[in-house]
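Student: So that we are looking at the same thing, I have put the structure below in structure tokens.
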Amino acid sequence: MSETKSEEFIIQKLQFTQKRLNLIYQKSPLAFISWNREGDIIDLNQAAEELFGWDRLELENRDFISTIIAEEDRDVWRNWKNDKLDDLPRDFVSRGLKKDGSIINCSWNNAVIKENGSVEEVISIAKNLSNDLEQEMEMLKLVKAINETDNWVVITDKSGIIEYANTTVEEITGYSKEEVIGNKPSLFKSDKHNNKYYKKLWQTIKSGEVFNDVIINRKKNGDYFYSEQTITPIKDHNNEIVNYISVGRDITQNEKLRRKIEYISNYDILTGLPNRRSIRNKIDNLIEINSDKKIAVLVVNINRIKYLNDIYTDPENDRSLINLVAEKINNKAANNQSCVKIDRENHLSYLGGDNFAMIVDNLDSINQIYRAADNLLTTFSDTIDYNYEPFMLNARIGISIYPDDCIDSQSLLSNAEIALINIKKNDYAFFDQKMNQEIKQFTKMEAKLDQAIKNDEFIIYYQPYYRGVSKELYGMEALIRWQNPTKGLISPAEFIPILENSQLIKKVGLIVVKKVVKSIKNWLDAGYKVVPVSINLSARQLEDNNHLKDIYQIIGESGIDNSLIKFEITESSAMDDVNYSLKVMNKMKAKGFSISIDDFGTGYSSFSYLQKFPIDYLKFDISFIRNMTLSSDGKNIVESIINIAHLLNLKTIAEGVEKEIELNELNQLGNDFIQGYYFNPPMPAKEIEKIYS
């Protein structure tokens, strides 16, 4: 080959090589940036344009370090450029600066081209690490999530050797990760599954299918645990199984939760006593076992036990007042073979409020029910001591019988509760259909009264009372009336008993106070010499402290003097809980209200208790007034009441006085005040203004 042809061949080869190198340079996924000894950019490839966001022509002759390198890392590069550093390490990590100002993490390698011992050109090659870091962070998050999930996660190789176990596996089994990894899942094997079961498991997953089942495994301490498990084969790109992933959920707690829910469904949380559902289930079971046999359901109402329990139960005492009473009833029932146990410990269930229930079966005669009821009532013949406080509790028992009254548990309990309606204290009664009709009428009337409250149909009448001798106006009593739009004025006898046995009494009570306060303000504004007005408070109102606070607030906000309000409390309400009544009355007196005991003589007739109460007036019942003129005994009783009241510094009010002979007799006996039709019937506020005038 001639020398000329040889040179041409070499030139062609060099051109080809140059072309190939240039192609590699331009198409490389790595960013290439060339810069000279002064630091100016000479050239860059397509990957560099894409990575840093610059066009090649924009970067030519710009300073490489200040343009491409993030400010925080420039000093290192300048030290190297100025020969203060021998070299930059391979895969040197330094932050790059994009055209838009954002920072990217890069791994750098630098190729230095020298000529005659001096640097002519540097080719800086950058690899974007940001994507790798993001992927690494995503992987870390995934691993963290798997490790901290509540689910059990175990990964094995294709031979079943455990390669990974998350922290939940440690928590469930009691084995450490070190004990688990390198072992086989048979480490958790229990004796609850046979070899055939495990053989089927492995056949399923080795065939590439997913295995699902609840597996009973064993912990390190030997306890069993239930795991709802899914085992999934993992395959590579050649469709060969390389791993198995087992994901499980410990459902042992679900079983405990089921039992807890069952307990909550069947037991009262605060007392631990069987509840209404529990006794209903027991009744239904007894009926199912022997539908021909009679069963008696007894509902025991203990007057105000829930309220007393809330007031007097000591949080530090393991037993509440309700539990103490239940224990006493359980002890009585335990001595009666006919009383049915609802669970292992209790013959009694707590229905809520003041009501309890029990079952009597194996009834050969009705006398067995009488004996059971009488025996239960003896529990309340004496005081019960709780937290060093004596309580005199009263009980009533309503009774319904299967199949005579009804044939299902719900109706038996409901009917026994209905039987309580007309029972006096410490007595019992059987359900009959008349009672059922009465409760329906009660419910209808209660709904009408609720509507009457919403429609503002209640009005206040006032009945004055006077000094007996001088006949001077001294005070008046506020009496509620129902002005029905279709029936007109409805007698209090029709709706007052319904209100007093309903929570509606509190709503109506507040209406009374508001209307009385408004009338007093109107009379004061008119310049009348206003006398005090008495407001009646029922037992339900007295036992609710929040309700009493609402009453005090209404009166306080009205601006009238508290001395213009008297509270009338019936004797029986005051005696239900003497200690509590004393606290309520003391608070009333401290606020400047006067207090009158109403219907005196119809309840306990105990003057010893009256000495304790800070009362001002004694209002004796109308029945004494009627008997006073009929016999000397009746007159003597009234005289005794007046004399003893005066000895206790109390004023007496005689209500229901209609005849002049009654007025004269009372004046002779020294009675203080008279109320009744002899002077005035109850009248609306407008009529009172005529008396004031």
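We did not get these values from a lab; they are worked out from the coordinates using the rules stated. Being a predicted model, the structure only gives us computed values, none of them experimental. Every residue, glycine as well, gets a Cβ built from its backbone with ideal geometry; the counts of neighbours run over all protein chains shown.
Student: If you take every residue apart from Ala111 with its C-beta less than 15 Å away from the C-beta of Ala111, what net charge results, scoring Lys and Arg +1 and Asp and Glu -1?
Tutor: Charge balance in the 15 Å sphere: -1.
Student: Same structure again: Modelled label-to-label distance, Leu648 and Asn183, 7 Å Cα→beta-carbon offset: nm?
Tutor: 8.1
Student: Using the structure shown, list the pairs from Lys448/Lys549; Lys127/Lys235; Lys144/Lys189; Lys507/Lys619; Lys84/Lys114 with a Cα-Cα distance above 22 Å, or answer none. Kindly include the intermediate steps, with their values, before the conclusion.
Tutor: Details: Lys448/Lys549 27 Å; Lys127/Lys235 32 Å; Lys144/Lys189 27 Å; Lys507/Lys619 26 Å; Lys84/Lys114 17 Å.
Beyond 22 Å between Cα atoms: Lys448/Lys549; Lys127/Lys235; Lys144/Lys189; Lys507/Lys619.
Student: If you take every DSSP beta bridge whose two residues both sit in the stretch 267-431, what share of them, in percent to the nearest 5, is antiparallel? Walk me through the intermediate numbers first.
Tutor: Details: 22 of 26 bridges.
Among the beta bridges of the stretch 267-431, antiparallel pairing accounts for roughly 85 percent.
Student: Roughly how many whole Å is it from the C-alpha centroid of the stretch 387-410 to that of the stretch 81-122?
Tutor: 94
Student: Which order do the peptides 63-73, 236-246, 451-461 take when ranked by the mean count of other beta-carbon atoms within 10 Å per residue, highest first? Working shown, then result.
Tutor: Numbers: 63-73: 17.7, 236-246: 12.5, 451-461: 14.9.
Going by the mean number of other Cβ atoms within 10 Å, highest first, we get 63-73, 451-461, 236-246.
Student: In degrees, nearest 10, range 0 to 90: what is the angle between the Cα axis of helix 545-558 and the longest Cα principal axis of the chain?
Tutor: On a 0 to 90 degree scale, this one is about 80.
Student: Using the alpha-carbon centroid of each, what span in Å lies between the stretch 224-287 and the stretch 144-195?
Tutor: 21
Student: Same structure, new question: Run through the DSSP bridge list for the stretch 444-692 and note the antiparallel percent, rounded to the nearest 5.
Tutor: Numbers: 17 of 38 bridges.
If I count the DSSP bridges inside the stretch 444-692, around 45 percent turn out antiparallel.
Student: Cα-based count: Lys pairs in the stretch 267-431 below 20 Å, eight or more positions apart or different chains?
Tutor: 13
Student: Kindly rank 576-586, 622-632, 299-309 from highest to lowest mean number of other beta carbons found within 10 Å of each residue.
Tutor: Working: 576-586: 16.9, 622-632: 15.0, 299-309: 21.4.
Going by the mean number of other Cβ atoms within 10 Å, highest first, we get 299-309, 576-586, 622-632.
Student: Expected output is a single nm value to one decimal: the length gained when fully extending between Lys27 and Ile261, i.e. 0.36 nm times separation in residues minus the C-alpha distance. What is it? Walk me through the intermediate numbers first.
Tutor: Details: separation 234, 0.36 × 234 = 84.24 nm, distance 6.81 nm.
Answer, rounded to one decimal: 77.4 nm.
Student: Further question: Relative to the longest principal axis of the C-alpha atoms of the chain, give the angle of the C-alpha long axis of helix 367-377, reported between 0 and 90° and rounded to the nearest 10°.
Tutor: 80
Student: Taking 2.2 N^0.38 Å as the expected size of a compact globular protein, what ratio does the Cα radius of gyration of the stretch 380-536 give against it, to two decimals? Working shown, then result.
Tutor: Details: Rg = 21.8 Å, N = 157, 2.2 N^0.38 = 15.0 Å.
My calculation over the Cα atoms of the stretch 380-536 gives 1.45.
Student: Ok, one more. Take peptides 409-415, 539-545 and line them up by average Cβ neighbours within 10 Å, highest first, as a rough protection proxy. Intermediate results must be reported in sequence, preceding the final value.
Tutor: On the way: 409-415: 21.3, 539-545: 18.7.
Highest to lowest by the protection proxy: 409-415, 539-545.
Student: Quick one, which of (1) 94, 42, 21; (2) 70, 31, 25; (3) 41, 31, 23 is the actual semi-axes √(5λ) of the Cα gyration tensor in Å calculated for this model?
Tutor: (1)
Student: Now for a different question. Can you pull the one-decimal nm distance between simple spin-label points at Asn522 and Asp292, each 7 Å off the Cα toward Cβ?
Tutor: 7.2
Student: What number comes out for the charge environment of Ala419, summing +1 per Lys or Arg and -1 per Asp or Glu over other residues with Cβ under 10 Å away? Mind dumping the intermediate values first?
Tutor: Values: positive: Arg396; negative: Asp405, Glu417, Asp432.
Computed value for this residue: -2.
Student: Need one number: % antiparallel among DSSP beta bridges in the chain, to the nearest 5.
Tutor: Numbers: 93 of 118 bridges.
Antiparallel bridges make up about 80 percent of those DSSP assigns within the chain.
Student: Something else now. Go ahead and estimate [θ] at 222 nm for the chain from helices alone: -39,500 (n - 2.57) per DSSP H run with n ≥ 4, summed, over the residue count, rounded to 500.
Tutor: Details: 27 runs with 298 residues, N = 693.
Helix-only estimate at 222 nm: -13000 deg cm²/dmol.
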